[in-house]
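The values are calculated or read from the model by the stated rules, or taken from the named source; none is laboratory data. Because the structure is a prediction, the values reported are computed rather than measured. For neighbour counting, all protein chains shown are included, and Cβ atoms are generated from backbone atoms with ideal geometry for every residue, glycine included. For accessibility, only protein heavy atoms count, side chains too; no ligands or nucleic acids. Shrake-Rupley method; radii C 1.70, N 1.55, O 1.52, S 1.80 Å.
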Amino acid sequence: MVIGAQWGDEGKGKITDLLSRSADLVVRYQGGVNAGHTIVVDGRVLKLHLIPSGILYGDTLCLIGAGTVVDPKVLIAELDMLLENNIDTSGLKLASNAHVTMPYHRLLDKALEHDRGLRRIGTTGRGIGPTYADKSERSGIRVLDLLDPHGLADQLQPVIRQKNDLLQTLYGLEPLDPESVIKEYIAYGQRLAPHVVDGTRTIHTAAQNRKNLLFEGAQGTLLDLDHGTYPYVTSSNPVAGGACIGAGVGPTMIDRVIGVAKAYTTRVGEGPFPSELQGDLNHHLTDRGGEFGTTTGRRRRCGWFDGVIGRYAVQVNGIDCLAITKLDVLDELAEIKVCIAYELDGEVIHDFPIDARQFARCQPIFKTLPGWQMDTSTCRALEDLPANALDYLSELADLLQASIAMVSLGPERDQTILVEDPIHGPKRGLLSH
Ligand code: GDP
Ligand code: IMO
Ligand code: MG
């Protein structure tokens, strides 16, 4: 399983694509089109929002699982984008019980954000929160509902009436036309029908046939609804345990949890971020790392690597090994800082405080390490890395009490150092804590 160990955008897409080489089925289990996973192959850039990052391998099945929320319009655009790139999409499967993001969800997401004013979350505006809210409230529309035109009309009429009330009365917005929404979504159902399956059965049939399964997390640990920096979080569970619920598997089926973390930290949207940088260094990392949102194009906030949240991520996900990405982005720096603890109200703390108000008051305590000021983007083995870069990685492994299995030095597949086998466990044990 691949999960994000920070605030998202850690490079999960690149790592999932690499590991998909030896997978038979790749599963997304939570989140929706708020995710943006980038894969770069021979200079060609593919941005995926819903389709698992295993889709580039023709014989790999890719399942959008029950725990995701599906915006059919965006999914169809993504399918078309892949087809234009001559990528076979026949292996894409869509769980019939996944919930559907509707136009009123997008409108309400934006209206709610506007209403929050200074307390806004900085959502992606893709309707994620309202879709999950309707799911919990049991008024959601599921993929299987799109395949039943008459049933869909009956189901949607009262829901749209109620949502129109909200849109008009509370937010002063134009109402939606129920007939055109119903027509539009019936058409989406027809287009997606060949991909729709019983997702749980798909997974368990593969498991019974001893196939290799890979679960691809979206977002990151600190954006988790229960374990992240609430309320500045997303509405699903990106932590490893989320896969059990979102895919319908028991915890005993998960053999390995691979935590992906950038060699520094980024965050998009609002919320506390103790190791955040201001000024020139922030701009250097944003520009050098291309830190602009894959989904919204927003500038990502950048800061030093945060060992406190990293350690927390290792714990709440049960991370077996780490993939450290974007080490090359630090190449030019003369010195690099790592946040090793926080000062909270005059006390030094080493553990992540779950109360967001306390977290917002945390001041970072940094350790400064020398930079390497060499190009690492062409390194292909640990031995090729400058000594200071190796020391930096060892520092991260020590801080997080986890071994580093992969180091990524650029967006392309081959810009990766395989330190140990991330799926079957350590061989060489280099950088193990
Ligand atoms: P995800 O949401 O976790 O899949 O990450 P994103 O795709 O949103 O953001 C990661 C960005 O960094 C993408 O543009 C990747 O192509 C790029 N990337 C991934 N790994 C590396 C790396 O090691 N070095 C550099 N320079 N870029 C990388
Ligand atoms: P990937 O999978 C980074 C952030 C938003 C906002 C908060 C809530 O590419 O790592 P939402 O639209 O989910 O209600 O927004 O979560 N967010 C992400 N940040 N990467 C993502 O996905 C994100 N998905 C949501 O910016 O702060
Ligand atoms: Mg992303």
- Hey, any hits in the stretch 218-236 for a residue that's out of contact with any Gly (no Cβ under 6 Å at 6 or more places or on another chain), open to solvent by 40 Å² or more (accessible area, probe 1.4 Å), at pLDDT 95 or above and not in a loop (DSSP other than H, G, I, E, B)? no
- Reported set for the stretch 126-155 where residues are within 21 Å of the chain's Cα centre (by Cα) and buried (at least 18 other Cβ atoms within 10 Å of the Cβ) is R126, G127, I128, G129, P130, T131, Y132, K135
- Count, please, the residues in the stretch 205-221 that happen to be more than 11 Å from the chain's Cα centre (by Cα) and in contact (Cβ under 8 Å) with a residue 24 or more places away in the chain. 7
- Message: Considering only the stretch 377-389, I want to know if a residue exists there that is part of a strand (DSSP E or B) and among the basic types (K, R).
- Response: no
- Message: Restricting to the stretch 123-165, give me the number of residues that are touching a helix residue (DSSP H, G or I) at 6+ places or on another chain (Cβ under 6 Å) and among the acidic types (D, E).
- Response: 1
- Item | D320 vs. criteria of a type in the set (D, E), surrounded by 16 or more Cβ atoms within 10 Å (Cβ to Cβ) and under 30 Å from T202 (Cα atoms) | yes
- Subset of the stretch 355-365 that is in contact (Cβ under 8 Å) with a residue 24 or more places away in the chain and out of contact with any Cys (no Cβ under 6 Å at 6 or more places or on another chain) - its residue that is farthest from D306 (Cα to Cα): A356
- Message: I need the full set of residues from the stretch 239-273 which are in contact with a helix residue (DSSP H, G or I) (Cβ under 8 Å, 6 or more places away or on another chain), over 18 Å from A95 (Cβ atoms) and among the small types (G, A, S), in order please.
- Response: A240, G241, G259, A261, A263, G271
- Identify the residue in the stretch 7-30 that is open to solvent by less than 10 Å² (accessible area, probe 1.4 Å) and in contact with a helix residue (DSSP H, G or I) (Cβ under 7 Å, 6 or more places away or on another chain) and, among all such residues, is farthest from ligand 1 (Cβ to nearest atom). L25
- Working carefully through the options S403, S408, find the one that is open to solvent by less than 50 Å² (accessible area, probe 1.4 Å), within 16 Å of ligand 3 (Cβ to nearest atom) and of a type in the set (S, T, Y). S408
- So which residues in the stretch 283-336 are more than 11 Å from ligand 1 (Cβ to nearest atom), acidic (D, E) and not in a helix (DSSP H, G or I)? D306, D320, E332, E335
- Does the stretch 238-251 include one or more residues that are within 14 Å of ligand 2 (Cβ to nearest atom) and farther than 26 Å from P422 by Cβ? no
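If the requirement is being open to solvent by 10 Å² or more (accessible area, probe 1.4 Å) and out of contact with any Phe, Trp or Tyr (no Cβ under 9 Å at 6 or more places or on another chain), which of these qualifies: K47, K73?
K47
Within the stretch 109-125, which residues are part of a loop (DSSP other than H, G, I, E, B) and more than 18 Å from the chain's Cα centre (by Cα)?
Scanning the stretch 109-125 gives a single hit, R120.
How many of the residues in the stretch 216-235 are closer than 24 Å to K47 by Cα and more than 14 Å from ligand 1 (Cβ to nearest atom)?
Within the stretch 216-235, residues that are closer than 24 Å to K47 by Cα and more than 14 Å from ligand 1 (Cβ to nearest atom) number 3.
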